[in-house]
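Heads up: the structure comes next, in structure tokens.
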Amino acid sequence: MPHLSRRQFLQLSAGVSGSLLLPHVADAAGGEDFPLHKRVGELATICPYCSCGCGLVIATDEHGHISNVEGDPENPINRGILCPKSIAVRQLANSPLRLGKVKYRAPGSNQWEEKSWEWTIEEIAKRVRKARDESFVRTIKVNDKDVTVNRTEGIAWLGGAANNNEDCYLATKLMRALGVVYLEHQARL
Ligand code: SF4
């Protein structure tokens, strides 16, 4: 193998990567088949992966499937920059493994049943109510005196990056009304 100086190596690398990129640039400039040309809709949204809350611009194709994900240059948090994880956001929506219906496995069963959202929401509400009533604490002893606390120690709520301000506001209202004290969010750094 011939010896290359540092300068020759850099010149060669630039030439090779330029020739690899050129066909793609040409496609992007004029090719009808280039996937990014199939955008029919674009919307600005927030990356759901972590509490940084970077802004995304999501493009969809004619079937409503996500065809491209880019950083939103107008978002003041990331100013168009994204980490590699967010590029996989399209898989969240497009994956054939994604569940589109509620699946329920009853206690002791080894079978999953399909359930409606009405049944599911009602069931969750019943179980939250039961857990709250069974774990509700009205008073605790402090220096031999009864102090009113009115709290439940049987429920916890944990928020994540996908919750926006409005979600968090409503969730906090509901949890406080139930007497939940174990209330946390991933973004509380
Ligand atoms: S793009 Fe990366 S850093 Fe930004 S919110 Fe998504 S996962 Fe977090």
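The values are calculated or read from the model by the stated rules, or taken from the named source; none is laboratory data. Note that the structure is predicted; figures quoted are calculated from it, not measured. No Cβ is skipped: glycine too gets one built from the backbone with ideal geometry, and neighbour counts run over all protein chains shown.
A few points about this structure:
- Any hit, region 127-141, residues being part of a loop (DSSP other than H, G, I, E, B) and either exposed (fewer than 10 other Cβ atoms within 10 Å of the Cβ) or not assigned by TED's automatic domain parsing to the domain that holds residue 50 (or both): no
- Test for residue 171: is it away from the ligand (no atom under 16 Å from the Cβ), surrounded by 12 or more Cβ atoms within 10 Å (Cβ to Cβ) and assigned to a helix (DSSP H, G or I): yes
- Residue 121 passes every criterion in (1) within 22 Å of the chain's Cα centre (by Cα); (2) hydrophobic (A, V, I, L, M, F, W, C); (3) surrounded by 14 or more Cβ atoms within 10 Å (Cβ to Cβ) apart from (3).
- Residues that are under 10 Å from residue 54 (Cβ atoms) and more than 9 Å from the ligand (Cβ to nearest atom) within region 68-111 comprise 72, 75, 79, 80, listed in sequence order.
- Candidate set: region 147-168, residues that are more than 27 Å from residue 89 (Cα to Cα) and of a type in the set (D, E, K, R); chosen: the one surrounded by the most Cβ atoms within 10 Å (Cβ to Cβ): 151
- Test for residue 171: is it touching a Gly at 6+ places or on another chain (Cβ under 7 Å) and either under 21 Å from residue 48 (Cα atoms) or at pLDDT 90 or above (or both): yes
- Enumeration of residues in region 41-67 that are away from the ligand (no atom under 15 Å from the Cβ) and either of a type outside the set (A, V, I, L, M) or outside the structural domain of residue 86 (by TED's automatic domain parsing) (or both): 41, 42, 60, 61, 62, 63, 64, 65, 67
- Strands (runs of 3 or more DSSP E) completely within region 1-117 that count 1 or more residues being among the small types (Gly, Ala, Ser), surrounded by 12 or more Cβ atoms within 10 Å (Cβ to Cβ) and at pLDDT 90 or above: 55-60, 66-71
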